[in-house]
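Worksheet: one structure, shown below.
The values are calculated or read from the model by the stated rules, or taken from the named source; none is laboratory data. Every value quoted in this text rests on a predicted model; they were computed, and no experiment measured them. A quick note on method: Cβ atoms are made from the backbone with ideal geometry, for glycine too, and the neighbour counts reach across all protein chains shown.
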């Protein structure tokens, strides 16, 4: 079942297009990573999906509500973590959360506030002023605020931006916990590792949607599957034998590693190892070459920029 | 639900207001300064100019209208007639308190939220714009009203202390009460709404206050109109004025809701 659907969603500011013809579907229980450079339209998309700004063209449906028409109902069922935590520094953590929770009619306020302060590890500091919190604590509190009314869809706009690695790790861990609970999450981020660790699918945007798939499928789109055989030492005999194997399409070596493209990388793998061992090679390990998602992302963006110019 | 939301906004605003030294000082010190200044002016005028001020044509016209409104004043000596005339301006002078307080609270409240980013998070909740603005308006107007009433009490006590107690029957009239309990709340709400309107266009508190301070001028004009004898504000006129400002409150709430466009706040307010 689709939780978010967009149909040619576009937003222009004057003559500038912030988002152009965005069409995508996000299924229930999915964590979608929304990647793109600065000014790519990520925040604008989140604001349109959260019913905070109207599209210039097209429309979106979030949990059954048109974002441009059913704004009040939409705001009952979404949670949003904006780029800045936007908390009241002179109020306590509990007071901040109670304030926002009080706008939702159907929740048990005190129970929910306690639940999320505990989940975010802030219960001990519940009566401290937010102004005394670290950036990471503020971000966790802002996340609690976005969740306190149990939203059907959660929008996270760069939740780890500006955090130190430890704090970012804590926030990422919380997002993974939410993913395991089966929450529907739309995560805008710059951080490709974060997207890979947390998200089930990734959308790359640069005003328009460039790609939408699982991290693995995105890699395959640009990079062929390669097998890495780590040898104790590489000798000419092994190389000669490998080159002659009918299922080896391409081979090169880097140090004591053989890097190969096979006709069928799953089925051919045992035969390959057998041939190397018979040729006197001592195999330390066999693995698949992992291209970082960053390479995929950069290729997509460069291609798009090339098209623009 | 609206009542719960408005109450929640109001309590949050007060919690923020009274934990910020600047805002707390504005709410508490401004009224005392206004009262102190007013009393000093009246004392100086009665001490050094005295009844001779009444010989000027402007004051004579005002005095004639005052006598029509409060006939007993005609029996008083000239110096006391002057005092009654000046003391009767004080209820309008007190209107400066809700005006200045409400504008300050409004602009700080909205611009602070704008700068901290909390407004964006707030606008993604089901809270309606009118609930938000009314909650904030009440949070600004109620302390402003309470301080105005306290200031009025302080003024009366000081007037007694200065030996003007005998004249209180010519000052604490129906018009005095109507001004305090009807006109003052209406002016406080209007000031707040103009503060909101100013804030919706301004990028920092000072800009918002400059825009909104235009309401201070009509308040000063009320004093000018009365003391120069153009119009004497009888209880009926004050009632009508309060009614007109009450209607203006309603219109300004609707205007403020319209000006307070969520989209422009999210996109343009940085």
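One table, with the values for the structure above:
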| item | result |
| --- | --- |
| Matching helices (runs of 4 or more DSSP H) fully within segment B:1-79 where at least 2 residues are closer than 30 Å to residue B:118 by Cβ | B:2-17, B:21-44 |
| Residue list for segment A:138-151, restricted to those being in contact (Cβ under 8 Å) with a residue 40 or more places away in the chain and in contact with a helix residue (DSSP H, G or I) (Cβ under 7 Å, 6 or more places away or on another chain) | A:138, A:139, A:141, A:143, A:144, A:145, A:147, A:148, A:149, A:151 |
| Filter result for residue A:285 (assigned to a strand (DSSP E or B) and either free of Cβ contacts under 8 Å to residues at least 24 places away in the same chain or surrounded by fewer than 16 Cβ atoms within 10 Å (Cβ to Cβ) (or both)) | yes |
| Residue selected from segment B:119-130 under the condition within 9 Å of another protein chain (Cβ to nearest Cβ) and in a helix (DSSP H, G or I), by the criterion surrounded by the fewest Cβ atoms within 10 Å (Cβ to Cβ) | B:122 |
| Residues located in segment A:65-81, provided they are part of a strand (DSSP E or B) and either surrounded by fewer than 17 Cβ atoms within 10 Å (Cβ to Cβ) or within 11 Å of another protein chain (Cβ to nearest Cβ) (or both) | A:66, A:78, A:79, A:80, A:81 |
| Strands (runs of 3 or more DSSP E) completely within segment A:161-248 that count 1 or more residues being more than 30 Å from residue A:307 (Cα to Cα) | A:184-189, A:227-231 |
| Scan of segment A:111-137 for residues that are surrounded by fewer than 19 Cβ atoms within 10 Å (Cβ to Cβ), within 14 Å of another protein chain (Cβ to nearest Cβ), in contact (Cβ under 8 Å) with a residue 12 or more places away in the chain and part of a helix (DSSP H, G or I), ordered by number | A:131, A:135 |
| Every residue from segment B:12-44 that is closer than 15 Å to residue B:101 by Cα and away from chain A (no Cβ under 14 Å) | B:25, B:26, B:27, B:28, B:29, B:30, B:31, B:32, B:33, B:34, B:35 |
| Evaluation of residue B:235 against (1) more than 14 Å from chain A (Cβ to nearest Cβ); (2) under 30 Å from residue B:127 (Cα atoms) (one fails), failing number | (2) |
| Subset of segment B:163-174 [assigned to a loop (DSSP other than H, G, I, E, B) and at pLDDT below 85] | B:163, B:164 |
| Residues (part of a loop (DSSP other than H, G, I, E, B) and surrounded by 12 or more Cβ atoms within 10 Å (Cβ to Cβ)) located in segment A:291-309 | A:291, A:292 |
| Qualifying residues in segment A:98-110 (those that are surrounded by fewer than 21 Cβ atoms within 10 Å (Cβ to Cβ) and outside any helix (DSSP H, G or I)) - the one nearest to the other protein chains (Cβ to nearest Cβ) | A:105 |
| Selection from segment A:14-42 of residues that are closer than 17 Å to residue A:53 by Cα and crowded, with 23+ Cβ neighbours inside 10 Å | A:19, A:22, A:40, A:41, A:42 |
| Residue match in segment B:138-156 (condition: in contact (Cβ under 8 Å) with a residue 12 or more places away in the chain, buried (at least 23 other Cβ atoms within 10 Å of the Cβ) and within 14 Å of chain A (Cβ to nearest Cβ)) | yes |
| Subset of segment A:18-44 [within 25 Å of residue A:100 (Cβ to Cβ) and within 14 Å of chain B (Cβ to nearest Cβ)] | A:43, A:44 |
| Single match in A:95, A:47, A:11 (criterion: assigned to a strand (DSSP E or B), on the phi < 0 side of the Ramachandran plot, surrounded by 17 or more Cβ atoms within 10 Å (Cβ to Cβ) and within 12 Å of another protein chain (Cβ to nearest Cβ)) | A:11 |
